[in-house]
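Below is one structure, written out as structure tokens; the observations come after it.
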Amino acid sequence: MQSLREALPVKLVCIVQQGGVACASAVRDYLAWAAAQGVDCVIFREFSHLTADYRRNGTARYIDAARVSVEDLLADCLAQSDLAATLQPLERTRGYYFHNLRLRHASGMEVVFEVSDYARMHQKHDSERVYKLVFFPDGKLCGDWHPQHNLLLDCADGQQ
């Protein structure tokens, strides 16, 4: 990990869930471990909120059973005075389908608590607006993660 840290910033994404990081003491332990490793950023992410359009398969059932609310987890963390004292608020961000709170840990590490909502994402994607730009290796600039959807520019064909 040392050579990796020297070459580029290291971010860890922790999907909070029952049986894992699900309470303030687990967050405290995870942050202490990450800081000891020299990690630059830890993101605590809630399972994305799914719509009824998603199949009620094993994955969806697991998400429902294991979900930990990031808002509740953050409230639990801030209620612990020793943990709250190590976290300095930096910024709150609201994207088109997610929102997060960025904090600075006493170690200097950035800490993010994040939630996303796929119902909101699909609603935005179904509109006429472009919410993301994805440039694919084949020279296509699209407004979606799928290289055949919402083609905006095709550099390979010389179309501009």
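The values are calculated or read from the model by the stated rules, or taken from the named source; none is laboratory data. Bear in mind that the values here come from a model prediction, so they are computed numbers and not experimental data. Using ideal geometry, Cβ is built from the backbone for each residue, glycine included, and neighbour counts are taken over all protein chains shown. Side chains are part of the model used for accessible areas, which takes the heavy atoms of the whole protein and leaves out ligands, DNA and RNA. Shrake-Rupley method; radii C 1.70, N 1.55, O 1.52, S 1.80 Å.
Within the range 126-143, can you find the residues that are open to solvent by less than 50 Å² (accessible area, probe 1.4 Å), charged (D, E, K, R) and at pLDDT 75 or above?
Passing the criteria: only K140.
Taking interchain pairs and intrachain pairs at least six residues apart, which have beta carbon atoms under 6 angstrom, with the first residue in the range 12-29 and without any contact (Cβ under 8 Å) to a residue 60 or more places away in the chain and the second surrounded by 15 or more Cβ atoms within 10 Å (Cβ to Cβ) and among the basic types (K, R)?
Close Cβ pairs satisfying both conditions: V13/R45; I15/R45.
Which members of the range 73-118 meet the condition of being open to solvent by 60 Å² or more (accessible area, probe 1.4 Å), touching a residue at least 60 places away in the same chain (Cβ under 8 Å) and in contact with a Leu (Cβ under 7 Å, 6 or more places away or on another chain)?
Y118
Might you check whether a residue that is in a strand (DSSP E or B), under 15 Å from E114 (Cα atoms) and touching a Lys or Arg at 6+ places or on another chain (Cβ under 6 Å) occurs anywhere in the range 62-73? Break it down into steps so the answer makes sense when it comes.
Narrowing the range 62-73 to residues in a strand (DSSP E or B): 67.
Filter once more, so that each one left must be under 15 Å from E114 (Cα atoms): 67.
Adding the requirement that they be touching a Lys or Arg at 6+ places or on another chain (Cβ under 6 Å) leaves none.
So far as the range 62-73 goes, no, none of its residues is in a strand (DSSP E or B), under 15 Å from E114 (Cα atoms) and touching a Lys or Arg at 6+ places or on another chain (Cβ under 6 Å).
How many residues are surrounded by 12 or more Cβ atoms within 10 Å (Cβ to Cβ) and without any contact (Cβ under 8 Å) to a residue 40 or more places away in the chain when one looks only at the range 43-66?
The qualifying residues number 5.
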